[in-house]
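The block underneath contains the structure these notes are about, expressed in structure tokens.
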Amino acid sequence: MNTVNVYIKGQEDKELISFLRYFPSRIKNIGMDAVFDRQIVYDYKDGRNHLEVAKCVAKFLVKKFGRKICNVVFSCIPASSPERNEMRNRHFSELVCKFSGAIDGFSHVKEKNNIEVDANFFKNKIVCIWDDVVTTGASFNAYVSQLEQAGAHVTNGIFLAKTSYKYVLK
């Protein structure tokens, strides 16, 4: 998968990338490439293609951090409910860390009515954040803020897809 640069206001000091462009279902006039990418996002959200996506993310992490990957915490932004978070992120995070050698941060973040992070675990750690789809970056900004308040050093944001609304025929 190729990567797409992502810009989120206020996060200019971080490397932000996505693997795909995601066109919401209300955007109808798109090519088969965009339909295929949309299906990858849907499959990920349903827990069906974690292995393939995890390999792509792990490859990026190893390329980015090299041997220092063993000092990097991989942390998923929690999904909208504890059940969805468990389905989407637990196994995926395990796979990414198994393939890359990164530290799995999944068990150090709890999603109840709000997100709770284990400040003792994240303090002074280099953290790479994962989310499936980025649109405005609000979830990313909030999660970064919470981790940085706990003393983490967030360096990267990796997204499966970036929401787009204008499709350009190739």
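Our note on the geometry: Cα centres of the range 11-62 and the range 116-147, 19 Å apart. Working note: Karplus 6.51/-1.76/1.60 with θ = phi - 60° gives the range 27-35 the couplings 7, 9, 8, 10, x, 5, 4, 6, 5 Hz, where Gly and Pro are set to x. Give me D for the range 63-121 in µm² s⁻¹, whole number, from Stokes-Einstein with Rh from the Kirkwood sum over alpha-carbon pairs, 20 °C and 1.002 mPa s. The Stokes-Einstein estimate is 178 µm²/s.
Taking Ile27, Ile115, Ile103 as the candidate residues, the one with maximal mean-square fluctuation in a Gaussian network model of the chain, Cα springs under 10 Å, is Ile27.
Roughly to the nearest percent, how much of the accessible area of the chain is carbon and sulfur, given a 1.4 Å probe? Don't skip to the end; give the middle numbers.
Working: 4720 of 9280 Å².
Ligands and nucleic acids excluded, carbon and sulfur reach 51 percent.
For the range 1-151, the number of Lys pairs separated by eight or more positions or lying on different chains, with C-alpha atoms closer than 20 Å, is 25. The relative contact order of the range 40-113 comes to 38 percent, based on Cα pairs under 8 Å that sit 6 or more residues apart. Charging the Cβ of each Asp and Glu at -1 and of each Lys and Arg at +1, and nothing else, the dipole of the range 1-51 about its Cα centre rounds to 280 debye. Sorted largest first by accessible area at a 1.4 angstrom probe radius, with every protein chain in place, the residues Phe121, Phe36 fall in the order Phe36, Phe121. Each residue was assigned an accessible area with a 1.4 Å probe, and for Arg48 the value is about 150 Å². Remark: the chain carries 55 Å² of accessible area per residue (probe radius 1.4 Å; ligands, DNA and RNA excluded). Placing unit charges on the Cβ atoms of the charged side chains and taking the dipole of the chain about its Cα centre, the candidate lying farthest along the positive direction among Thr163, Ala79, Phe92 is Thr163.
Here the Karplus relation 6.51 cos²θ - 1.76 cosθ + 1.60, evaluated at θ = phi - 60°, turns the backbone of the range 52-66 into coupling constants of 5, 5, 4, 5, 5, 5, 4, 4, 4, 4, 5, 5, 6, 9, x Hz, with x for every Gly and Pro.
The values are calculated or read from the model by the stated rules, or taken from the named source; none is laboratory data. This structure is a prediction, so every number in the text was calculated from the model and none was measured. So basically every Cβ, Gly included, is an ideal-geometry build from the backbone, and we count neighbours across all protein chains shown. The area values use the complete protein model at the heavy-atom level, side chains included, leaving out ligands, DNA and RNA. Shrake-Rupley method; radii C 1.70, N 1.55, O 1.52, S 1.80 Å.
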